[in-house]
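Please read the structure below before turning to the comments.
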Amino acid sequence: MKPSQLVQVVPPGIYKHPENPRQDPQGWYGEETLDVEAVHGMAPAAKIVYVGAPNDRQDLDAALNHVVDQHLAQIVTNSYGFPTTELLPPGFVLPVEDTLIQAAIEGIGVYFASGDNGDESSLFGFPTTDWPASSPWVTAVGGTSLGISSSNTRAVETGWGTSTYNCNSTTLVCTRAGWLYGAGGGVSVLFAEPLYQQQAGLTLGGRGVPDVAALGDPQTGLLVGQTQTFPDGTYYDEYRIGGTSLSSPIFAGLMALADQKAGHPHGFANPLFYDNPAAFYDVLPVKTAVARRNFNNGVDASAGTSDFLRTFDDYSGSKSQHTNGGWDNVTGLGTPGVSFLSLIGK
């Protein structure tokens, strides 16, 4: 990436608010690296504006508002969210919704990760969507598990939902340890079903999440690289990362290509997406698994290794979700297909 392609807008000085302390940057550097590298990987010529916030609370909303108010970008990708939207104070939700409506009016497309904990029922005991992904004014991006063949073609793609199994490498017996994670999705109880979903023939009873999907499963995720400084020196490292935090910037990068092809920004594109289901690869259920061997110390084999199986398309811990033909609450309309740029990039 050329230095001129990346602009960083970060809070100056030291943030000392007693109730909202400055976020430890080590908690976010992986997310920041992932977002920038995923967008750049999809759209190598795009100009990227990274906008930071001093902490992971309401200052994130202030950062989003700054992007929209100053029209710093025509596509915005966000990899954060809040579960149980219906329990958030209305005074917290309304200002963000106003920002999202302003973005749509200004021709800015806002994309949000749908979440990484399925329907959240494993945490709260009932299914709920994450917000702002559940806002009718954003494009919610779900996640898939993706397998690529040796000839760089799609070997398998299905919804991202994962259980883990501990395996004995001698007997080859694997025992289920539990459900881990998966792409967020469901039906909002706060927001009504938007017209673009109704006109697509959906009868959901509320805002359905997600709208679209892209690669998200950490088992099949993206290799990112970054330079980190440790007490004994500075090192460059590469590692695999995923989640719908990967899905959202991947899709945003593809939309940058669609904007480039069309010669104009698409802005809030949900009505266009639902009018063109043929632009998407319909992700279907495929029950399969991937084997992995982990370093016990997370660094090397000096402390031994452990073997696991991780499943695809598994919602045993998120029972309201299913990958089906057509729109579903894991992958939405699907992932961009071979005709995506010809149908959407116009």
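Scanning segment 54-69 for residues that are over 19 Å from the mean Cα position of the chain (by Cα) and over 23 Å from residue 258 (Cα atoms), we see that the one that is surrounded by the most Cβ atoms within 10 Å (Cβ to Cβ) is 54.
Okay, residues lined up against (1) among the charged types (D, E, K, R); (2) assigned to a loop (DSSP other than H, G, I, E, B); (3) more than 29 Å from residue 172 (Cβ to Cβ); (4) touching a strand residue (DSSP E or B) at 6+ places or on another chain (Cβ under 9 Å):
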residue: 265; (1), (2), (3), (4): no, yes, yes, yes
residue: 278; (1), (2), (3), (4): no, no, yes, no
residue: 283; (1), (2), (3), (4): no, yes, yes, yes
residue: 297; (1), (2), (3), (4): no, yes, no, no
residue: 314; (1), (2), (3), (4): yes, yes, no, yes
residue: 320; (1), (2), (3), (4): no, yes, yes, yes
residue: 323; (1), (2), (3), (4): no, yes, no, yes
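For segment 71-103, a tally of residues being of a type outside the set (Val, Ile, Thr) and either buried (at least 23 other Cβ atoms within 10 Å of the Cβ) or in contact with a strand residue (DSSP E or B) (Cβ under 8 Å, 6 or more places away or on another chain) (or both) returns 12. For segment 325-346, a residue qualifies if it is over 20 Å from residue 120 (Cα atoms), of a type outside the set (S, T, N, Q) and not in a loop (DSSP other than H, G, I, E, B), and the qualifying residues are 336, 340, 341, 343, 344. Residues of segment 203-249 that are small (Gly, Ala, Ser), crowded, with 17+ Cβ neighbours inside 10 Å and either touching a residue at least 40 places away in the same chain (Cβ under 8 Å) or in contact with an Asp or Glu (Cβ under 8 Å, 6 or more places away or on another chain) (or both): 206, 208, 213, 214, 216, 242, 243, 245, 247, 248.
If you go through segment 62-108 and keep only what is modelled with pLDDT under 90 and acidic (Asp, Glu), you end up with just 86.
The values are calculated or read from the model by the stated rules, or taken from the named source; none is laboratory data. Note that the structure is predicted; figures quoted are calculated from it, not measured. Glycine gets a Cβ as well: all are built from the backbone with ideal geometry, and neighbour counts include every protein chain shown.
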